């Protein structure tokens, strides 16, 4: 699907997130050392890429969507971000990778299929142009 130019960087991030989600859903880590190693890998990926992505959406895209009548969609995206942060930063068990991978995939699909199309239909060119200018770190 062709994205508005201003949303393309966020959409590109989604591809990387889907690769991570697939990796997590297929993880066979079962012992404590494997699980801890996977947790370190994912926490690093989260801090390097996903947190920046979440902040960009939360700082620029979600507030303007909420003001323009899509508050429920913006709230769902923010709630997903909070749940993902909690899972990634919390204690890891054998099923944590699957839980994160499943939620991350659902979240990306929601944003690509629902949230971004709504943004493209509701927001003006100026509002969309402001989206990629969000801060890159928390």
Provide the gained length on full extension for the span residue 34 to residue 113, in nm with one decimal, where the gain is 0.36 nm per separating residue minus the Cα-Cα distance.
25.0 nm
Just one of [x] 1.15; [y] 1.08; [z] 1.00 is Cα Rg over 2.2 N^0.38 Å as worked out from the coordinates here. Which one is it?
[y]
Report, in degrees rounded to the nearest 10, the 0 to 90 angle that the Cα long axis of helix 96-110 makes with the longest principal axis of the chain.
20
Could you give the nm distance between label points at residue 44 and residue 2, where each point is 7 Å from its Cα heading toward the beta carbon?
4.0
Could you please state, rounded to a whole Å, how far the C-alpha centre of region 110-128 is from the C-alpha centre of region 24-82?
19
Cut-off is 10 Å between beta-carbons; in what order do 86, 27 appear when sorted fewest neighbours first?
86, 27
Report the extension gain between residue 98 and residue 71 in nm, rounded to one decimal, defined as 0.36 nm multiplied by the number of residues separating them, less their alpha carbon distance.
6.8 nm
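Any read-out appearing in this document is the output of simple, stated calculations on the displayed coordinates, not a laboratory observation. The structure presented is a predicted model; accordingly, all values stated were derived computationally and were not measured. Positions of Cβ are generated from backbone atoms using ideal geometry, with glycine treated the same way; all protein chains shown enter the neighbour counts.
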